[in-house]
Amino acid sequence: AGVGAGAALGVVPGGVLDGAPAIRRRRVTPVCVASGNGQGAVTRAQEVLNGGGDTLDAVLEGVNLVERDPNDRSVGYGGLPNFDGVVQLDSSVMHGPTRGAGAVACLEGVKTPSLVARDVMRYTDHVLLVGRGAQDFARSLGHPIENLLTDEARQAWVEWRARLSERDDYLTPEETLYELPGFIPNLEDGDPLVDSHDGVRPQGTINCNIVDRNGDLSGVTTTSGLAWKIPGRVGDSPIVGAGLYVDNDVGAAGSTGRGEAVIKTVGSHTVVEMMRAGMSPTDACLEALRRIVAFTVEPRLLDDEGRPSFGVNYYAVNKDGEWGGASIWAGARFAVNGDGTTRLEDS
Ligand code: GLY
């Protein structure tokens, strides 16, 4: 797990205070962390901060790059669809200074659900809108309603459907005498279609959290959720406290991976509470992961050694500009930009 370094001088815990007492301000080295698919996002977010932008605008501009990217199969446009071949998106935002939160779940047809989540926060007295109501709300504010299913994602779904069962009426290349255009005859290990037949389904997401020089924080999480999910399934990403939590007095945290495990342990809130109790961001992420491991008792979710057979990752920054990330399994990495350069760190 990465160990972050933040503000160097400490007149008070949590940062430097300068100036006359009435106008004393914290001074922190701004830092942005994101899931491993967020290298472009943390770079863009820091650019927005450097240009004088607000922390929430910064992380939103960052993740919007990934939401609009048709090649990221786990977020926004190009995300893998649900059981019925429909892309349903989840997202939440939190703005530390104003204690604001907004979220959408099962939103169809909007490439940037994070911006709709922001608008729920900005324009309504609610926190979470879902399904048709979320789309109607988005349309009312001028968000374009578009087809989010790319040809590649549709083909992946068609292929998954054909390989789902040997007892249904959908044929695979091995079962038909005819050529099936677009089908991959010999799937490689690691391909989501292979993984989905081993019981491990593609489950990407982007989470991005930032702290600015004043110690103000924001975060966003956005996803197309679990590939091939039951229509209407909601993951952790749009649930405040699960896939994202920000307390401007403490820090910001978010998650990727198996949402059901994060929801049951209220994961991101746990990370923030651990930081409030004095843990570093990395240790706080690890403690939240330990709770998931302890909470996982279903044999279907355990490997031969009794360990969770799924992945969860947490990412966190605190008010002092310290940062960290941790993963249940080795091999995961996360993106960080804290000194003008963007790099990947081991979780
Ligand atoms: N963490 C993303 C999801 O489970 O939907």
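Data overview
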quantity	calculated
Residues (among the small types (Gly, Ala, Ser) and at pLDDT 95 or above) located in segment 134-156	Ala134, Ala138, Ser140, Gly142
For Gly79: the one exception among (1) buried (at least 19 other Cβ atoms within 10 Å of the Cβ); (2) at pLDDT 95 or above	(2)
Condition check for Asp57: open to solvent by 50 Å² or more (accessible area, probe 1.4 Å), in a loop (DSSP other than H, G, I, E, B) and acidic (Asp, Glu)	no
Of all residues in segment 215-224 being over 17 Å from Arg154 (Cβ atoms) and open to solvent by less than 10 Å² (accessible area, probe 1.4 Å), the one that is farthest from the ligand (Cβ to nearest atom)	Gly215
Candidate set from segment 101-117 (those that are in contact (Cβ under 8 Å) with a residue 40 or more places away in the chain and assigned to a strand (DSSP E or B)); member that is farthest from Trp160 (Cα to Cα)	Ala101
Residue match in segment 187-210 (condition: surrounded by fewer than 20 Cβ atoms within 10 Å (Cβ to Cβ), modelled with pLDDT of 80 or more and in a loop (DSSP other than H, G, I, E, B))	no
Selection count, segment 251-290, where residues are in contact with a helix residue (DSSP H, G or I) (Cβ under 7 Å, 6 or more places away or on another chain) and within 16 Å of the ligand (Cβ to nearest atom)	11
In segment 237-247, the residues that are within 11 Å of Ala103 (Cβ to Cβ) and either in a strand (DSSP E or B) or near the ligand (Cβ under 8 Å from one of its atoms) (or both)	Ser237, Val240, Gly243, Leu244
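The values are calculated or read from the model by the stated rules, or taken from the named source; none is laboratory data. All values reported here derive from a predicted model rather than from experimental measurement. Cβ atoms come from the backbone with ideal geometry, glycine included; neighbour counts cover every protein chain shown. Side chains included, ligands, DNA and RNA excluded: accessible areas come from the protein's heavy atoms. Shrake-Rupley method; radii C 1.70, N 1.55, O 1.52, S 1.80 Å.
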